[in-house]
Amino acid sequence: MPREYTPGVVAVPTTPAARPTGPDPLGPAPLSATGATAADLARTALQQAGELLAPPAPVRLGDVVPAPEHVAPDATADFVLSEDAAVRVGPDPGARAVAAQLAALLRPATGYPLPVAETAETASDGPLVLTLSGAPAVDSPSPAPEPTGSLGDEGYRLDVTRTAVRLTAVTPAGLLHGVQTLRQLFPAAVESPTPVAERWVVPGGTIVDRPRYAYRGAMLDVARHFFGVPDVLRVIDHLARYKVNHLHLHLTDDQGWRIAVDSWPRLATVGGATGVGGGPGGHYSRDDYRRIVAYAAARHVTVVPEIDLPGHTNAALTAYGELAPDGITPAPYTGTEVGFSYVDPASERTYDFVADVLGEIAALTPGPFLHIGGDEAFKVPAAAYAGFVERVQRIVSGLGKTLVGWHQIAPAAHAPGRVLQWWGTTGDDPVTADAVRRGARLVLSPGNHAYLDMKYAPDTPIGHDWAGLVDVHRAYDWDPGTHLADVPAEAVLGVEAPLWTESVTSRAEIEFMLFPRLPAIAELGWSPHATHDWADFRERLAGHGTRWDTAGIVFHRSPEIPWPTASTAPTGIPTPRLTAEGRKEGPPVNA
Ligand code: TNX
């Protein structure tokens, strides 16, 4: 049962069973026989009465998205944050950064100072303690079920008692995932940007958690419509909230080239000058891109840059017509068709261009992946296409990066480590299965489940429907481990939710398409399959509506989700209609 909850209002238990079982204040007072004073007795009685009367936490320990691996609630161990609390952390700079992030998350709504204090000991008294440890959780005494292995690179352990909240992980990334869990365990008012009078209670017990897949991603298409750095940073915050650890940026397409390349400067200045519908476009300077990458890294999110090749290159050709197969510079393209453009796979100049561009992007990108697109090059004959992909694969491995490509690159020869991103809508593709047999790994983005640009319902005002309608149930209702026939579970590196932006023009529209489906894909990527349960997921997700309202995040109020009735948010979001060319009619979303 979800609890109804309004920011700033503490939920009152409705059943006796919901109350914590504290000590019995009517029982014999143990201190009386030891010579305690009347004041001592009064203090004890007051404390015991307070514990009995205190309402339970409005959030249950298991009310977390993505669902944690192990949850062991202890109704007698709720923790209440007090104004004088400090966050304690060891000397590791990465851990200190996470401690600062925790304090920064809690300060606006609580109004508490929450200083971050360095502690030499690995175990400290609290009240909020972050510990990096080589081998935590496995042998520590606790009522929680023990994990079957170590916490690994991204796992964490959270222990909540009456006196302390302790987070332990092997890495700062694990600590940050633990912080995101802890954030969800505070009352929803914790999302308020301004102080709220609230009892900042966290439900007692232990969570031991780690991801199912190493790769959990979302893609933002900044080529069809350009989104500035602040919008991208906000998306990174959304990903971190749900433990999504890769941001794939679709940086180039027919309608726009969005990243400055010093060796080919007109790509950005000419190729980036417009977008779908004919707007002014835009591009990231190298410093903009560095800022995005650094902001993501601080949230343990890896940026995966995509330069889409050999097709989807009309914008590049408007800047450098010499790369076109006929050598003719095309006009800028502001429509939404696909598959008509390509760089000439038979020209050496094309490979100079590819090597220069990928070399610069690789040098700016600390993460291991370079995405080379490869989709919908309909006009390139199969043999020329495979030859092109194989050459680009060699360029990417020469740069020391791991190549990712849309699954159309499957027929090309294998290159060590290469990753295919599946975006088909069937559960069966022999060509992709064959590439996996030859060594490829897969990121799964099935269009009919994971595409965030699909409409939720026939009346969704923006989005596509070529892969069908993707409501929250459809986004959630698949298993990455068994999704593609003849592909072993071990070949699956993870999942990704792409947002194409032919019809998405603003931050509000991005959020409207992301929420509430991004958390569904995030749960498929993070949570063990044993926790997969739609009925349970929709109940857990429902409480997040209040959080998003409080944080000012736009979301689609999907009728499938039992959103709290106490919410005061409007039930519909005014959104514009699209014309055939992808232009907007009417006011912008959330105007
Ligand atoms: C197909 S999915 C594309 C994109 C479009 C998208 C719209 C893929 C690799 N290519 O060019 O934006 O459909 O849903």
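Side notes on the structure shown:
- Leading residue by the ranking (nearest to residue 307 (Cα to Cα)) among those in the range 357-412 that are in contact (Cβ under 8 Å) with a residue 40 or more places away in the chain and of a type in the set (Gly, Ala, Ser): 373
- Exactly one residue among 389, 396, 380 is over 26 Å from residue 290 (Cβ atoms) and in a helix (DSSP H, G or I), and that residue is 389.
- Top-ranked residue of the range 354-388 - restricted to ones that are more than 26 Å from residue 214 (Cα to Cα) and within 16 Å of the ligand (Cβ to nearest atom), ranked as surrounded by the most Cβ atoms within 10 Å (Cβ to Cβ): 377
- All conditions in (1) open to solvent by 20 Å² or more (accessible area, probe 1.4 Å); (2) in a helix (DSSP H, G or I); (3) within 16 Å of the ligand (Cβ to nearest atom) hold for residue 237, with the sole exception of (3).
- Residue check for residue 459: open to solvent by 30 Å² or more (accessible area, probe 1.4 Å), away from the ligand (no atom under 16 Å from the Cβ) and in a loop (DSSP other than H, G, I, E, B): yes
- Residue 232 closer than 24 Å to residue 374 by Cβ, β-branched (Val, Ile, Thr) and within 16 Å of the ligand (Cβ to nearest atom): no
- Taking (1) out of contact with any Ser or Thr (no Cβ under 7 Å at 6 or more places or on another chain); (2) open to solvent by 20 Å² or more (accessible area, probe 1.4 Å); (3) at pLDDT 50 or above in turn, residue 557 satisfies each apart from (1).
- Taken together, the criteria exclude residue 444 from residues that are away from the ligand (no atom under 14 Å from the Cβ), aliphatic (A, V, I, L, M) and surrounded by 19 or more Cβ atoms within 10 Å (Cβ to Cβ).
- Scanning the range 462-492 for residues that are farther than 12 Å from residue 444 by Cα and away from the ligand (no atom under 16 Å from the Cβ) gives 471, 472, 473, 476, 477, 485, 486, 488, 490.
- The listed residues are 163, 194, 181, 252, and the only one of them that is touching a residue at least 60 places away in the same chain (Cβ under 8 Å) and within 16 Å of the ligand (Cβ to nearest atom) turns out to be 252.
- Only listed residue being modelled with pLDDT of 95 or more and touching a His at 6+ places or on another chain (Cβ under 7 Å), chosen from 501, 546: 501
- Candidates in the range 476-507 are the residues that are in contact with a Pro (Cβ under 8 Å, 6 or more places away or on another chain) and closer than 22 Å to residue 430 by Cβ; of these, the one that is surrounded by the most Cβ atoms within 10 Å (Cβ to Cβ) is 495.
- Given (1) in a loop (DSSP other than H, G, I, E, B); (2) open to solvent by 40 Å² or more (accessible area, probe 1.4 Å); (3) out of contact with any Phe, Trp or Tyr (no Cβ under 7 Å at 6 or more places or on another chain), number of the condition residue 83 does not satisfy: (3)
- Among residues of the range 314-343 that are among the small types (Gly, Ala, Ser), those with a beta-carbon under 9 Å from a residue that is at pLDDT below 95 at least six positions away or on a different chain give the pairs 335/581; 335/582.
- Criterion violated by residue 244 - all others in (1) farther than 22 Å from residue 408 by Cα; (2) outside any helix (DSSP H, G or I); (3) open to solvent by less than 40 Å² (accessible area, probe 1.4 Å); (4) within 16 Å of the ligand (Cβ to nearest atom) satisfied: (4)
- Members of the range 315-342 that are open to solvent by less than 30 Å² (accessible area, probe 1.4 Å) and within 16 Å of the ligand (Cβ to nearest atom): 315, 316, 335, 339, 341
- Cβ-Cβ under 6 Å pairs, at least 6 apart or on other chains, the range 204-216 side over 14 Å from residue 66 (Cα atoms), far side part of a strand (DSSP E or B) and of a type in the set (Asp, Glu): 206/159
- All of (1) of a type outside the set (Asp, Glu); (2) in contact with a Ser or Thr (Cβ under 7 Å, 6 or more places away or on another chain); (3) surrounded by fewer than 24 Cβ atoms within 10 Å (Cβ to Cβ); (4) touching a residue at least 24 places away in the same chain (Cβ under 8 Å) hold for residue 271 with one exception: (3).
- Checking residue 520 against (1) more than 16 Å from the ligand (Cβ to nearest atom); (2) of a type outside the set (S, T, N, Q); (3) under 30 Å from residue 396 (Cα atoms), the condition it does not meet: (3)
- Residue check for residue 391: open to solvent by 60 Å² or more (accessible area, probe 1.4 Å) and closer than 19 Å to residue 271 by Cβ: no
- Checking residue 563 against (1) within 20 Å of residue 184 (Cα to Cα); (2) in contact with a Lys or Arg (Cβ under 7 Å, 6 or more places away or on another chain); (3) touching a residue at least 40 places away in the same chain (Cβ under 8 Å); (4) not hydroxyl-bearing (Ser, Thr, Tyr), the condition it does not meet: (3)
- Residue in the range 527-542 that is within 16 Å of the ligand (Cβ to nearest atom) and either within 18 Å of residue 238 (Cβ to Cβ) or open to solvent by 10 Å² or more (accessible area, probe 1.4 Å) (or both) present: no
- Scanning the range 399-433 for residues that are more than 16 Å from the ligand (Cβ to nearest atom), part of a helix (DSSP H, G or I) and open to solvent by less than 70 Å² (accessible area, probe 1.4 Å) yields a total of 1.
- Residue match in the range 307-314 (condition: in contact with a strand residue (DSSP E or B) (Cβ under 6 Å, 6 or more places away or on another chain), of a type in the set (A, V, I, L, M, F, W, C) and within 16 Å of the ligand (Cβ to nearest atom)): yes
The values are calculated or read from the model by the stated rules, or taken from the named source; none is laboratory data. Computed from a predicted model, the values in this text were never measured in an experiment. FYI the Cβ positions are ideal-geometry reconstructions off the backbone, even for glycines, and counts take in every protein chain you see. Accessible surface areas use protein heavy atoms only, side chains included; no ligands, DNA or RNA. Shrake-Rupley method; radii C 1.70, N 1.55, O 1.52, S 1.80 Å.
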